[in-house]
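Visitor: Got a structure for you, written out below as structure tokens; questions coming shortly.
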Amino acid sequence: MKKKNIIWIVGFLVFVTIILSVVGMFFNKSEDEKLNGLTGFYDVSDEGTIAYVYYSDGKPEIRVYHPEQSGVEKAVELENDKYILDPTFSADGSTITYISTNKDLEETLKSTVYQVNLETKDNQELFSFASAITEIEFSDNEESLFYLMAGVFQNYSPIASKRPHDFDVHEYRFGDDKHLQHTEMKEYSMHSLQIAPDNKSVFVTMDEVADTTPEESFEVHQRIFEIPLEEPSKRMVVSDPNREVDIFDFTMVPNNKEIVFQSIGNVDSGDTFQYELYKYNLETKQEEQLTNLKEYTANPVIRRNQIYFMVDKQFAKRDSAYHLYVMNMDGTDVKEIQLPNNETSE
Amino acid sequence: MKSKFEAYVEKIVSQTDCTNDEKDDLFEELMVHLELSREELMSQGMSENEAELKAMELFGIEEDIGGQIQQSIYPFRKELILTLSIGCILYTISLYLLSLFHDGNAYIGWLLVSMVVSTTFFLIALNQIPLLNRRRWLNTLFIIHIFTSLFGYSIVSALEHPAQLAIAIANWVIILLSLVLVYQTTIYESKSQKVLGKESKRLHQLNFILGMVTIGFFLFFIGAGLMLFGGFHPSMILTSLPLCVWICLYYGQMKFIQKHKRMAYFLAFVSIVINLSILLVVFYR
């Protein structure tokens, strides 16, 4: 090959490399900008309006959609260094209360609870802590807001990533603007906060009390517990105490006689775990499998005598792909709700 | 002061990747050929100066002749390096753009290293940088290229895209081709040269396999360490210990093989035992 041609080829390669580097500087995204699409966080109002958390170039939004009306409305949009967790409708559906945390909790550990009025779009800060608040739940009369808050954000083992630990149940009273800490359990993990209709106890999923030996502690299961607020140390298992497979998420059926919960459907298969929804009758102690989607089925919410739930069709992969579903209380008539993820109005 | 012929022939010889003895032989052979040609041209009526210039003109351009000799000593090396270079340029640009526009990750440092190494291979294949066309330099470049491609594989494995499988296959083909070239460059023995004795060739082959096990072990534990600790941890330095031991033992074997064969084979035996121990620990612990 002629020297002149070689110089041209090498010059072209240098030019391409420089162009690619410059393009890379412009299109490179920070970690905060990378999150996109639907998350597993949502709520459904008594009128059937769906509020869900959606990310656009890392910016979290709460979008509000009513299946019987066209269009979707953007209720909240935060900066791309924030997460939005657990949007919760008020009973009349006029406001949504939600948690905002920093994406980088290691750098700045802070959680803020906001309430947005869907009519006026007024986004009011209720309270904020330099701690990880992970879930909120209104009391039945909506005079207070219960929340789960972690005491620390750390890794208890060098081979584990940093996560919120030392959980306790807290309450914020709207009337006198006061906070109460109901438990002093410092639980390793605590999820799915539910409040009893009489506000005298709360329900959560957490680990059984670990036995002393390391071998026995491996056999500890995650179950649903009722914690009486008057005497938090007397926690009681309300799910099947002999269930061999952990329970990860649940919701109480409004009749308070049944629980819909999430558990693993193929624990012995050796394959990637598939999470399904089950129903457990607290009186008859009978369990029934509701879904058989062989996916990651999660976050059951019961409204209008139907069970709404999320399905992650890319479970165990890097990016999740959530889809919202609804079914009858007996697990029949499973339908996907097509959420319009584009064309939002302010 | 060097004569015109000497300067001309030296330039030709410098294009080849031969030992000093072989270069001396080649130098002598070419000098004789040119001198005979000069005498013939002088007998046709040319002056000495004219005959020298004509003889060199008839023989050809130094770079071309040197490149042809190099090609005859190492057949297919040029083609293989050219294939590696072009394949690696296409792979680098594809992976970089895919990672940038699909995941928003611009691996500019990796792009620069990979493009510089690939372009250098291109120039070496076309014999534009004779200095780098030596075993030591070439193998250094191949090793840098293998590590660059392994880093590239970590980018590929994080991609969730339909093209992931095709790029992963291309990635491993490129690594395999680089390994073949390391092997060929290290122990290749042409018909015209007997640089390596059978014993040193055998030791090279053995160490090539042991090296792959050791480097594989090193990379596996570095990767696992980065995942477990979420970054570099001083204890990860320990995983490079077998790699350092392998390099030292390999160097020792090559030093001793000419005069102390027993010692060279003893070091090879130690290297085998260490590698087998690593495999036993990894698979049976």
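The values are calculated or read from the model by the stated rules, or taken from the named source; none is laboratory data. Every value quoted in this text rests on a predicted model; they were computed, and no experiment measured them. So basically every Cβ, Gly included, is an ideal-geometry build from the backbone, and we count neighbours across all protein chains shown. Surface accessibility is based on the protein's heavy atoms, side chains included, excluding ligands, DNA and RNA. Shrake-Rupley method; radii C 1.70, N 1.55, O 1.52, S 1.80 Å.
Visitor: Could you give the distance between the Cα centres of the stretch A:15-40 and the stretch A:59-122, to the whole Å?
Guide: Here the answer is 26 Å between Cα centres.
Visitor: Would you give the gap between the C-alpha center of the stretch B:111-181 and the C-alpha center of the stretch A:280-346, rounded to a whole Å?
Guide: Centre-to-centre distance over Cα atoms comes out at 47 Å.
Visitor: Tell me the carbon and sulfur percent of the accessible area for the stretch B:75-181, rounded to whole percent, probe radius 1.4 Å.
Guide: Numbers: 3520 of 4560 Å².
The C+S portion of the solvent-accessible surface of the stretch B:75-181 is 77 percent.
Visitor: Angle between the Cα long axis of helix B:135-158 and the longest principal axis of chain B, 0 to 90 degrees, nearest 10?
Guide: On a 0 to 90 degree scale, this one is about 30.
Visitor: Is it possible to state the helix-based mean residue ellipticity at 222 nm for chain B, with each DSSP H run of 4+ residues giving -39500 (n - 2.57), the sum divided by total residues, to the nearest 500 deg cm²/dmol? What is it? Please list the in-between numbers first.
Guide: Values: 11 runs with 218 residues, N = 285.
Computed mean residue ellipticity for chain B: -26500 deg cm²/dmol.
Visitor: Considering only A:340, A:23, A:298, whose Cα is most displaced toward the positive end of the charge dipole of chain A, charges sitting on Cβ of Lys, Arg (+1) and Asp, Glu (-1)?
Guide: The residue sitting most towards the positive pole is A:23.
Visitor: Put +1 on the Cβ of every Lys and Arg and -1 on every Asp and Glu Cβ in the protein assembly as shown; which of A:181, B:51, A:260 then has its Cα farthest towards the positive end of the dipole?
Guide: Ranked along the dipole, the leading option is B:51.
Visitor: Take each of the peptides B:51-57, A:59-65, A:286-292, A:10-16, average the number of other beta-carbon atoms within 10 Å over its residues, and list them starting from the highest.
Guide: Details: B:51-57: 17.6, A:59-65: 21.7, A:286-292: 15.4, A:10-16: 13.0.
Final packing ranking: A:59-65, B:51-57, A:286-292, A:10-16.
Visitor: A follow-up question, please. If you take the square roots of the eigenvalues of the alpha-carbon gyration tensor of the protein assembly as shown and sort them as a ≥ b ≥ c, do you get rounded (a/c under 1.5), prolate (a/b over b/c) or oblate? Show your work: numbers first, answer last.
Guide: Details: a/c = 3.66, a/b = 2.39, b/c = 1.53.
The shape class here is prolate.
Visitor: On to the next question. On a 0 to 90 degree scale, rounded to 10, what angle separates helix B:62-73 from the longest Cα axis of chain B?
Guide: The two axes meet at around 60 degrees.
Visitor: Would you please report the Å³ per residue occupied by the convex hull of the alpha carbon atoms in the stretch A:93-192? It would help to have the intermediate numbers written out before the result.
Guide: Working: hull volume 11.1 nm³, N = 100.
Convex hull of Cα atoms, per residue: 111 Å³.
Visitor: Further question: For chain B, what's the relative contact order in percent, using C-alpha pairs closer than 8 Å and at least 6 residues apart? Can you show the working numbers first?
Guide: Working: 237 pairs, mean separation 40.1, N = 285.
Result for chain B is 14 percent.
Visitor: Give the average, rounded to an integer, of partner chain Cβ atoms located within 10 angstrom of each Cβ in B:98-105.
Guide: Details: counts 0, 2, 7, 2, 0, 4, 10, 6.
Counting Cβ atoms of other protein chains within 10 Å of each residue's Cβ and averaging gives 4.
Visitor: To test your reading of the geometry: what angle, between 0 and 90 degrees and rounded to tens, separates the Cα axis of helix A:3-27 from the longest principal axis of chain A?
Guide: Compared with the principal axis, the helix lies near 30 degrees.
Visitor: What do you reckon, how do B:262, B:202, B:77, B:134 stack up by accessible area (1.4 Å probe), largest on top? Walk me through the numbers on the way to the answer.
Guide: On the way: B:262 215, B:202 135, B:77 10, B:134 50 Å².
So the residues, ranked largest to smallest area, are B:262, B:202, B:134, B:77.
Visitor: Also, quick follow-up: Mind ranking A:134, A:88 by accessible surface for me, highest first, 1.4 Å probe? Write out the running numbers ahead of the final one.
Guide: On the way: A:134 35, A:88 15 Å².
The most accessible residue leads, giving A:134, A:88.
Visitor: Could you order B:81, A:7, B:69 by accessible surface area, starting with the largest, using a probe radius of 1.4 Å? Before the final figure, lay out each step's value.
Guide: Working: B:81 5, A:7 115, B:69 30 Å².
Largest accessible area first, the residues go A:7, B:69, B:81.
Visitor: A further question follows. Nearest 100 Å², what total accessible surface is buried between chain B and chain A (probe 1.4 Å)?
Guide: By this definition, chains B and A bury close to 2000 Å².
Visitor: Right, something else. Average partner chain C-beta neighbours within 10 Å, per residue of B:113-121? Please report the intermediate quantities before stating the final value.
Guide: Values: counts 0, 1, 7, 3, 0, 2, 5, 1, 0.
So the per-residue partner count for this stretch is 2.
Visitor: Over the whole of A:30-39, what's the average partner chain Cβ count within 10 Å per residue? Rounded to a whole number, please. Can you show the working numbers first?
Guide: Details: counts 1, 2, 0, 1, 3, 0, 1, 0, 0, 0.
Counting Cβ atoms of other protein chains within 10 Å of each residue's Cβ and averaging gives 1.
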